[in-house]
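Read the figures in this text as sums done on the coordinates, not as results from a lab. Given the structure is predicted, the values throughout are model-derived calculations rather than measurements. Backbone-built Cβ (ideal geometry, glycine too); neighbour counts: all protein chains shown.
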Amino acid sequence: MSDAVLTPTEREKLRVIRDANEGKLTNGQAGKILKLSIRQLQRLKRKVKEAGGQALVHGLKNQVGNHQISLKQKGQILGLIRERYADFKPSFAAEKLAENHHISVNPETLRLWLIEEKLWKVKKQKSVKYHAWRERKEYFGELQQFDGSYHYWFERRLLDEEGNPQEACLLASIDDATGKITHALFDFNEGVVPVFTFWKEYLSKSGKPLGIYLDKYSTYKINHKNAVDNSELLTQFEKAMNLLNIKVITANSPQAKGRIERLFGTLQDRLVKELRLNNINTIKGGNCFLKEVFIPKFNAKFSVKALKEGNIHSPPTGLEKQSLSSIFSIKSHRRVNNDYTLQFQNHFYQLEQVQPVTIRPKEKIIIEEWLDKSLHFSFKEKYLKYFLLPQRPLKLKTAPAVLTTHKSNWKPPKNHPWRKAWRG
């Protein structure tokens, strides 16, 4: 081979080796110049003596690589991309090709192909200001970052009553130490009931984390048209967490709880497309997919190892397990009327004549709305017996002075609810 077909780098390398062969350079000097060991240099000197400049040219130069993808297969891959993965990022598209079609292609190769076909646009990298990252917690279960994200998770497949595309809210928690999604739940809003449902399921599955890091402003006040019952969420949530001895930490900015914010950014890309590929268009179907498929796969790919081994979630105590429905209930206060009725949400309720605890008119009781929509009246840690009245009760001239564990001597009139057969 003529020296003219060599690259400038190969020609310079050849010059140094020839000088070494002619004794103008020692092996040590030539090795330093070419950054080669003495043994490598001696092997090249022998090859150059036998074959000349050809010895420095790689055997596959200007030839098709053994692992090059054929033009036919390249066309098939690009056809699949256009048909099913047109809006996927190159790395995610490469994953789906391997997972769903058993086609292995390097993400960077696929990126170049997509740029050539104008299916992917190169984005300019933003200049990032210096930010001091907070170190991760040491143990799994030490801190959970929690938030909700309103988004068209089901694209145009989830419709409201009028047939219009509807947003859904994804509630999610991510473990600070490992980056694992510890729980996720779709609902229509970020209200009291969805949030309590989320954490009741979390405790039943994983136990109690030491702390929860959440948004001070956007998560727990009305800041979205779908957050219909958020006015008292923070107060109710804090009370529940205090009963469970779980520390609640509020962030002053979204950047402070960056892991959950970045998680939602990733999910708004990946999860939306996964739901589309699996043709899921309901909240219930989405929750099943999260639990059974998406979260295990996501954690296997993206989670990291905690700094220290061990899970420091603590199981709920026996009393806490028995009281979970009460703890995760919406609590309101009402006073008992003179006739031992109560008014709540435009309904009237009559207390039974026999109660597990002594109660008098004007006593302040707690009304618990459980997640199953049942009502429970609590006084001095006892649940009172009651029934719903069909209408506003009639005024009584007299009433018993007190309700206790046995019937009083007071005789109710014939039209009193205690005498009615429909009660209960």
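Computed values, structure above
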read-out: C-alpha center-to-center spacing [segment 343-362, segment 72-141] in angstrom; value: 63
read-out: Phi to ³J(HN,Hα) by Karplus 6.51 cos²θ - 1.76 cosθ + 1.60 over segment 375-382, Hz, x for Gly, Pro; value: 9, 9, 9, 10, 8, 6, 6, 10
read-out: Computed [θ] at 222 nm, helices only, for the chain once each DSSP H run of length n ≥ 4 contributes -39500 (n - 2.57); value: -10500 deg cm²/dmol
read-out: Förster-model FRET efficiency, 45 Å R0, N100 and N311, C-beta, rounded to 0.05; value: 0.85
read-out: Entries of K247/K301; K205/K373; K239/K297; K216/K297; K321/K385 with Cα pairs more than 27 Å apart; value: K247/K301; K239/K297; K216/K297
read-out: Residue order, fewest to most beta carbons within 10 Å, for Y152, Y139, Y213; value: Y152, Y139, Y213
read-out: In sequence order, calculated HN-Hα J values of segment 287-299 (Karplus, 6.51, -1.76, 1.60; Hz; x Gly/Pro); value: 5, 5, 5, 4, 5, 8, 10, 5, 4, x, 5, 5, 5
read-out: Fewest-first sequence of T178, T235 by Cβ atoms within 10 Å of each Cβ; value: T235, T178
read-out: Out-of-range pairs (alpha-carbon distance over 31 Å; input K89/K305; K72/K126; K35/K124; K96/K126); value: K72/K126; K35/K124
read-out: FRET efficiency estimate (nearest 0.05) - Cβ-Cβ, R39 to E116, R0 51 angstrom; value: 0.75
read-out: Set of lysines with alpha-carbon distance to K395 below 19 Å, sequence-local pairs under 8 removed; value: K362, K411, K414, K420
